Amino acid sequence: MGSPVIGTGLALGVVAGTGRPGPSRIAAPTPAGPLDVGGIAATEKTAFAETLGHPTLDALLAAGRPMWADVVGWLGERLADPDRIAPFLLPDNGIVPVLPFTVADYVDFYACEQHAINGAQILRPGSATTAPNWRHLPVGYHGRAGTVVVSGTPVTRPWGQRAAGDYGPTRALDVEAELGFVCGGPARSPVPVDDALDHVFGVVLLNDWSARDVQSFESRPLGPMLGKSFATAVSAWVTPLDVLEAAWVDPPPRDPEPLPHLRGKADRGLDVTMEIRLGGELVSSPPAADLYWTPAQLVTHLTSNGASLRPGDLLGSGTVSGARREQWGSFLELSWGGEDPVALAGGETRTYLEDGDEVVISATFPGPGGTRLALPEVRNRVVPAR
């Protein structure tokens, strides 16, 4: 048996609604309900009370790693004392999590080798490997910051051009289980690989919703656009990178060796085990420890040409997939491009998602003392095309 999951790790987000003390407030999830983090910081007159009193995480993201470490240490002590935080718990009734930060830019990478191999074989039958450049640098594309949505937001089936002369709602709506890295600190470029993690505040689970038929028709020669830009969902709560200290692992072997600017001590992966559930049924368990390109390398590559990193930048890892079918992180792979439907309980099958389907992506990671902690989930339901 694996290590017990003892609960959600320390995380920060924003809630809104009718609860004290106002319409939008920085909070932390607890078993007893959301904790008013700004309220307790103000009462204790902490040095970071003003920053935590903002209606989003934007000011905290801009503050940089020294304050992040102080906040995580302080909040960890408070969460360990239920009596101390009890007066600052917000009522569940009428409180809803909202997108916790302003997304400055969104870049989605393609960092998983198994997903790259699977995609090549599905989309280019007979191809046994990745694109020629894939093992030389972290491949990615620039997404739409304005369509990043919080967990719980319904996802409307998008329209698009599926083939020549064929326009209508996608018939191949898919998910992609990813890690998202929320960046912050002073704007800087380029960022050396061993400084890169100082610019990553934390991690969210990310579902890069995809319309595969639209994506396939539009993607050559410049890559995806409308097949990806309609919705990207993230967890409501951001888990600070410091909380994942026990989750760091060595990256997989690389051949060829990355260029010197992508090598360093910070070139490490995260041992995060993800789960995809459709209608409550487990369909896949992708292992993020297998990612070929690491968070530090994504940050360094993104800024290597002089493009600045800004607080609120969101970097997606790309689909996480393991070596076995039950570890693949998209229905493109699980159904092998629609040729091998996924069998569900009760005799149902899926190639891609149907209206009314609810997808939940969850994850756990190593915690202190041999335990495992949970990352907050990302959950969305498909609603019909308008």
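Derivation of every value follows stated rules applied to the coordinates shown; laboratory data play no part. Computed from a predicted model, the values in this text were never measured in an experiment. Virtual Cβ from ideal backbone geometry, glycine too; neighbours counted across all protein chains shown.
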Using a basic spin-label model with each label point 7 Å from the Cα along Cα→Cβ, how many nm lie between residue 275 and residue 42? 3.8
For a quick protection proxy, order the peptides 31-40, 201-210, 144-153 by their average other-Cβ count within 10 Å, most packed first. 201-210, 31-40, 144-153
Percentage of Cα-Cα pair distances in the stretch 154-273 greater than 23 Å, rounded to whole percent? 51
Whole-number percent relative contact order across the chain, with pairs defined as alpha carbons under 8 Å at least 6 apart: 23
Here the averaged projected area of the stretch 1-127, based on the convex hull of its alpha-carbon atoms and given in nm², is 12.1
Please say if the stretch 95-183 is rounded, prolate or oblate, where rounded means a/c under 1.5 for a ≥ b ≥ c the square roots of the C-alpha gyration tensor eigenvalues, and otherwise the choice is prolate for a/b larger than b/c and oblate otherwise? oblate
Starting from the eigenvalues of the Cα gyration tensor, five times each then square-rooted, give me the equivalent ellipsoid semi-axes of the stretch 19-68, largest first, whole Å. 18, 12, 11
Suppose every Lys and Arg Cβ carries +1 and every Asp and Glu Cβ carries -1, with no other charges. What dipole size does the chain come out with about its Cα centre, to the nearest 20 debye? 560
Go ahead and estimate [θ] at 222 nm for the chain from helices alone: -39,500 (n - 2.57) per DSSP H run with n ≥ 4, summed, over the residue count, rounded to 500. -4500 deg cm²/dmol
Express in nm, to one decimal, how much length is gained between residue 93 and residue 348 on full extension, taking 0.36 nm for each residue of separation and deducting their alpha carbon distance. 88.2 nm
Per the Cauchy relation, a quarter of the hull surface: what is the mean projected area of the convex hull of the alpha carbons in the stretch 217-319, in nm²? 9.7
Low-density loop positions, GluC sites (Glu not before Pro), the stretch 274-355 - DSSP coil, at most 15 other Cβ in 10 Å: 339, 348, 354
Computed on Cα atoms only, the convex hull of the chain has an orientation-averaged projected area in nm² of 19.8
Packing-ranked peptide list from 100-106, 180-186, 46-52, highest mean Cβ count within 10 angstrom first, is 180-186, 100-106, 46-52
Projecting the Cα atoms of 211, 292, 179 onto the charge dipole of the chain, where Lys and Arg contribute +1 and Asp and Glu -1 at Cβ, the residue farthest towards the positive end is 211
